[in-house]
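The values are calculated or read from the model by the stated rules, or taken from the named source; none is laboratory data. In this text the structure is predicted, and so the values were computed from the model without any measurement. Note that we place each Cβ from the backbone using ideal geometry, even for glycine, and neighbour counts take in every protein chain shown.
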Amino acid sequence: MQVETKPKVINRLNRIEGQVRGIVRMVEDDRYCVDVLTQLQAVRAALNRVESEVLKDHLDHCVMGAMTGDDMADRKAKASELIELLGRATR
């Protein structure tokens with residue numbers, strides 16, 4: 001992961017962790033189901049944003065480095081990783 005991306009991702013994940021702890025308290029306090037569901041949707045959206053940031057970083061740094069490098073095996077490995085990753089994302 002690139003140096004400038006890592007602190008942003010960690011910060012976002014820490015915020016998400018706080019949101020999840022808040023949801024646990026909501027459930028413990030028997031809060032209204034729609035309120036809990038709203039917070040769950042917010043966490044899912046936040047995780048999607050983190051996932052996008054990590055994927056972008058991977059493409060910009062790892063994949064681009066492999067594609068512009070001379071190692072054909074590394075190129076094929078990165079392409080296979082992406083195909084597998086995207087296949088899992090569509091399930």
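Exactly one residue among Arg25, Arg12 is of a type in the set (Lys, Arg) and surrounded by 13 or more Cβ atoms within 10 Å (Cβ to Cβ), and that residue is Arg12.
For segment 1-53, give me the residue count where each residue is β-branched (Val, Ile, Thr) and at pLDDT below 95.
2
Whenever a residue of segment 17-37 is in contact (Cβ under 8 Å) with a residue 12 or more places away in the chain, its partners that are of a type outside the set (A, V, I, L, M), lying with C-beta atoms within less than 8 angstrom and at least six residues away or across chains, give the pairs Gln19/Gln39; Gly22/Gln39; Ile23/Gln39; Met26/Asp35; Met26/Gln39. When you look at Val20, is it in contact with a Lys or Arg (Cβ under 7 Å, 6 or more places away or on another chain) and surrounded by 12 or more Cβ atoms within 10 Å (Cβ to Cβ), yes or no? Considered against the rule, which asks whether it is in contact with a Lys or Arg (Cβ under 7 Å, 6 or more places away or on another chain) and surrounded by 12 or more Cβ atoms within 10 Å (Cβ to Cβ), Val20 comes out as no.
All conditions but one from (1) surrounded by 12 or more Cβ atoms within 10 Å (Cβ to Cβ); (2) under 18 Å from Gln2 (Cβ atoms) apply to Gly69; the one that does not is (1).
None of Asp35, Asp30 is surrounded by 11 or more Cβ atoms within 10 Å (Cβ to Cβ) and more than 30 Å from Glu81 (Cα to Cα) except Asp35. Looking at the chain, the helices (runs of 4 or more DSSP H) lying wholly inside it that each contain 1 or more residues that are among the charged types (D, E, K, R) sit at 5-28, 33-57, 72-89.
Taking into account only those residues within segment 18-59 that are touching a helix residue (DSSP H, G or I) at 6+ places or on another chain (Cβ under 9 Å) and of a type in the set (Asp, Glu), which is nearest to Val3 (Cα to Cα)? Only one residue fits best here, namely Asp57.
For segment 5-48, a residue qualifies if it is over 16 Å from the mean Cα position of the chain (by Cα) and within 24 Å of Val63 (Cβ to Cβ), but none of them does.
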